[in-house]
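The values are calculated or read from the model by the stated rules, or taken from the named source; none is laboratory data. As the structure is a computational prediction, the values presented were derived from the model and not from experiment. Backbone-built Cβ (ideal geometry, glycine too); neighbour counts: all protein chains shown.
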Amino acid sequence: MQERNDYYVKSFEEDFVLKTLKGKRKVAFQTIDNIIKNGVIRPNTKSFGREMRLSTTIIHKNYLKTYRPQGLIFQTKVKPKYILPFDLVLLSKADKIIVHYYRIKNNLHLFYNHDLIQGFQKFVFKDFKSLIKTFKSPKDAWKRVNSFRVEKGYAKLPKQKYRLVEYDEVVFNKPIKIKPIAIYGYRKEAIKVAKKYNLPWFVSSKKFYETVLKKK
C-alpha cells in the first residue's frame with residue numbers, strides 16, 4: 001500500500017480514448033467509459049525496449065504540467081513500478097526528440113522505437129519521495145539530464161525541449177484499480193466527460209492543485 005495519498009493523472013487525446021501501437025498503426029485500446037465503469041486502467045504503452053506499461057504523472061507543487069492538456073485525475077493504492085523526474089524520451093537514443101504529442105501521434109513508431117542510453121537507471125526511482133529529494137524541481141532535472149546526455153555523446157537539449165521535464169513519469173506495469181477523482185482539460189469534450197460521469201471538472205491539473213490540494 002502507498003504511504004502517500006498521491007493524486008495521479010492519466011492524460012488522453014481529445015476523444016478520451018487511450019491508444020496503443022499495433023505494428024506501425026495506432027489503434028483504440030481503452031475508453032474513458034470503460035475505465036470509469038470498471039475502475040481499472042490497463043497498460044497501453046510499448047516503447048524504448050521496455051515492457052508494456054502504463055505511464056502516468058503525480059501532481060506535486062513542483063510538477064503541475066501534464067503530457068497532454070486533458071485527462072483523468074485519480075488515486076490508487078497500487079505502488080508504481082518506478083518513477084522518473086521527466087518524460088522517458090529524454091533518456092532515449094533518439095536524435096530528434098519531439099515535444100508536442102500532436103506532431104507525432106500518427107507516427108509514434110518512428111519516434112518511440114529507440115533504445116535507452118546506457119546508464120539511464122540513475123534517473124529511475126522507486127517512489128516519489130526519493131525522486132523529489134534528489135530533484136527538487138524540473139530545473140534540477142533539466143541540468144542533470146543534459147549533463148548525462150552530453151557525457152554519453154549526445155547533443156545538449158535545446159531550451160524548446162524544456163517542457164519534457166515539467167512533468168514526472170510514473171510507471172505501472174500491470175492493470176491498476178483506481179478511484180476516479182476529476183476530469184481536467186480546457187476543451188468542451190473534457191467538460192462533457194466530467195458531466196457524464198458526475199466528476200468535478202478543472203481546466204488543468206494545475207488548477208486542480210490550486211483549488212483542492214494546496215488547501216490540504
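Among the candidates Asn106, Asn198, Asn113, which residue alone is of a type outside the set (Phe, Trp, Tyr), part of a loop (DSSP other than H, G, I, E, B), at pLDDT 95 or above and out of contact with any helix residue (DSSP H, G or I) (no Cβ under 7 Å at 6 or more places or on another chain)?
Criteria check complete, one pass: Asn198.
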Enumeration of residues in the range 51-79 that are touching an Asp or Glu at 6+ places or on another chain (Cβ under 6 Å) and among the aliphatic types (A, V, I, L, M): Ile58
Conditions (1) out of contact with any helix residue (DSSP H, G or I) (no Cβ under 7 Å at 6 or more places or on another chain); (2) charged (D, E, K, R); (3) surrounded by fewer than 16 Cβ atoms within 10 Å (Cβ to Cβ); number of the one not met by Arg144: (3)
Qualifying positions in the range 47-95 - among the polar types (S, T, N, Q), more than 12 Å from Tyr8 (Cα to Cα) and not in a loop (DSSP other than H, G, I, E, B): Gln70, Ser92
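Tell me, please, whether a residue that is assigned to a helix (DSSP H, G or I) and either more than 15 Å from Leu88 (Cα to Cα) or hydroxyl-bearing (Ser, Thr, Tyr) (or both) can be found in the range 176-188.
Taking the range 176-188 as the starting set, the residues that turn out to be assigned to a helix (DSSP H, G or I) are 188.
Within this subset, residues satisfying the condition of being either more than 15 Å from Leu88 (Cα to Cα) or hydroxyl-bearing (Ser, Thr, Tyr) (or both) are 188.
Yes.
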Which numbered condition Thr57 fails, given (1) crowded, with 19+ Cβ neighbours inside 10 Å; (2) over 24 Å from Trp201 (Cβ atoms): (2)
Given (1) surrounded by fewer than 19 Cβ atoms within 10 Å (Cβ to Cβ); (2) under 18 Å from Ser55 (Cβ atoms), number of the condition Lys215 does not satisfy: (2)
Answer residue from the range 171-202, given it is β-branched (Val, Ile, Thr) and buried (at least 16 other Cβ atoms within 10 Å of the Cβ) and is nearest to the chain's Cα centre (by Cα) among those: Val171
Cross-chain or 6+ apart pairs with Cβ under 7 Å, the range 35-50 first and under 18 Å from Lys177 (Cα atoms), then at pLDDT 75 or above and part of a helix (DSSP H, G or I): Ile41/Ile35
Any pair with Cβ under 7 angstrom, 6 or more apart, that starts in the range 9-24 at a residue that is closer than 18 Å to Pro175 by Cβ and ends at one that is surrounded by fewer than 17 Cβ atoms within 10 Å (Cβ to Cβ) and among the hydroxyl-bearing types (Ser, Thr, Tyr): Val17/Thr31
